[in-house]
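The values are calculated or read from the model by the stated rules, or taken from the named source; none is laboratory data. This one's a predicted model, so the numbers in the text were calculated from it and none came from an experiment. Glycine gets a Cβ as well: all are built from the backbone with ideal geometry, and neighbour counts include every protein chain shown. The accessibility values were calculated without ligands, DNA or RNA, using every heavy atom of the protein model including side chains. Shrake-Rupley method; radii C 1.70, N 1.55, O 1.52, S 1.80 Å.
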Amino acid sequence: MIKENGSNVQVTHGGRIRRRKGSNEVPGDVGQSNGNNHLLVNDQNKYRSMLIRAYSSIWMIGGFIFVVYMGHLYIWAMVVIIQIFMAKELFGLLRKVNEDKQLPGFRHLNWHFFFTAMLFVYGRILSQRLVNTVTTDKFLYKIVGNLIKYHMVTCYFLYIAGFVWFILSLKKKMYKYQFGQYAWTHMILIVVFTQSSFTVANIFEGIFWFLLPASLIVINDIAAYFFGFFFGKTPLIKLSPKKTWEGFIGASVTTIISAFVDLSTGWLQCDPGPLFTPETFILPGWLPEWFPWTEMQVLPVQWHALGLGLFASIIAPFGGFFASGFKRAFKIKDFGDSIPGHGGMTDRMDCQMVMAVFAYIYHQSFIVAQSVSVGMIFDQIVMNLSYEEQKVLYNNLGQILQDRQFGES
């Protein structure tokens, strides 16, 4: 065997020359060069992805601020739009094109159940309060009042209509697919409407109790992304390989500090209730002498915000981990592509769903007065009595007070 210009050549007995196939191994210097180029491409893609994500985030935050500024009903409309996008993304996960072609109109059944559930959930939440707020016209008031009075039976028969529609649409050799879609639809309705009902309930408890939890999740997401982007090295959980301990810890600290500090800056203008009246807090005596303050003014709501911040930074991210496992089960990267750089609407709402439920339970358990108050009775009167019944109550109460006044004199 001889070498010819650096290649291996083998001479056979017949005098023919047979060249050996070149090796598949890449020389060390070439491989190193390609590796650097590969890293450079990844690095460029990483920063390009960050810019797209940041651009989308700015638009979302700007739109969110505008909707909050417009008031309760606009926020509720935003929640409805988000629900529709989430349902659309989730309905599509188990959709099979070939089967759907054989079942014309079957896809509309999903949306029939969706809007029936929407009517049931929001009809219960908005109730009589919305009637008294929206209209003063007696005829329209009576129509809307009757719709609310018969709201539950209306929703029931709408559901039964969908149930009958489903049974009549059953087709031979498609039973398994159709019943799977039926069960999947109901699971989506439970997931989507459970959290959204709590979100809307928070809105009508006061925009603050919607804005604070939602903002904390936004702050946590942004902080986790940037801490993980620049400092992340240690993987946090196998379900989501891109999440790191550095991002998780950095986001937790940022969220908790933001929850407590932001409310002390004076940006929030609320009615001067007990929660928003400053109180003097005496700092502990073990602080060093050079520390400039011995006491500070704290709003009672800041302590509640601290509790919400702890939940938003430590527990709520598990909603994202659940979504990551869900996507792995279906072998998809994102639920959709409606938000550039973020994926689908469901990808953005995973932690918000967990947070909304906790915020409502926390508010009902630790904020709302447990004893009967004038405000609570007034709300019950406005929500549950018709206009005529309210006038009768007013006249009767006035007569009682007048009799008592004469009796005392």
Scan segment 81-105 residue by residue and report those that are among the polar types (S, T, N, Q) and surrounded by fewer than 19 Cβ atoms within 10 Å (Cβ to Cβ).
-> 98, 102
Which condition breaks for residue 334 when tested against (1) within 22 Å of residue 56 (Cα to Cα); (2) in contact (Cβ under 8 Å) with a residue 24 or more places away in the chain; (3) in contact with a Gly (Cβ under 8 Å, 6 or more places away or on another chain)?
-> (2)
Residue set 60, 70; condition at pLDDT 85 or above, open to solvent by 50 Å² or more (accessible area, probe 1.4 Å) and within 17 Å of the chain's Cα centre (by Cα); output residue 60
For segment 164-180, which residues satisfy the criterion of being free of Cβ contacts under 8 Å to residues at least 24 places away in the same chain and among the aromatic types (Phe, Trp, Tyr)?
-> 175, 179
Any pair with Cβ under 9 angstrom, 6 or more apart, that starts in segment 283-299 at a residue that is under 19 Å from residue 262 (Cα atoms) and ends at one that is exposed (fewer than 10 other Cβ atoms within 10 Å of the Cβ) and among the hydrophobic types (A, V, I, L, M, F, W, C) | 295/282; 296/282
Any hit, segment 376-396, residues being of a type in the set (Ser, Thr, Tyr), closer than 29 Å to residue 85 by Cα and out of contact with any Cys (no Cβ under 6 Å at 6 or more places or on another chain) = no
All conditions in (1) within 16 Å of residue 112 (Cα to Cα); (2) in contact with a strand residue (DSSP E or B) (Cβ under 7 Å, 6 or more places away or on another chain) are true of residue 236 except (1)
Which of the residues that make up segment 350-403 are assigned to a helix (DSSP H, G or I), among the hydroxyl-bearing types (Ser, Thr, Tyr) and surrounded by 12 or more Cβ atoms within 10 Å (Cβ to Cβ)?
-> 360, 362, 387
So is residue 108 modelled with pLDDT of 50 or more, assigned to a helix (DSSP H, G or I) and open to solvent by 100 Å² or more (accessible area, probe 1.4 Å) or not?
-> yes
Only residues that are part of a loop (DSSP other than H, G, I, E, B) and surrounded by 21 or more Cβ atoms within 10 Å (Cβ to Cβ): list them for segment 322-343, please.
-> 335
Boolean, residue 156 is at pLDDT 90 or above and surrounded by 16 or more Cβ atoms within 10 Å (Cβ to Cβ) = no
Residue by residue through segment 186-197, note down the ones that are modelled with pLDDT of 90 or more and open to solvent by less than 50 Å² (accessible area, probe 1.4 Å).
-> 186, 188, 189
Give 161, 183 a once-over and let me know the one that is without any contact (Cβ under 8 Å) to a residue 24 or more places away in the chain and surrounded by fewer than 18 Cβ atoms within 10 Å (Cβ to Cβ).
-> 183
Qualifying position, being within 21 Å of residue 207 (Cα to Cα), surrounded by fewer than 16 Cβ atoms within 10 Å (Cβ to Cβ) and of a type in the set (A, V, I, L, M, F, W, C), among 301, 253, 261 = 261
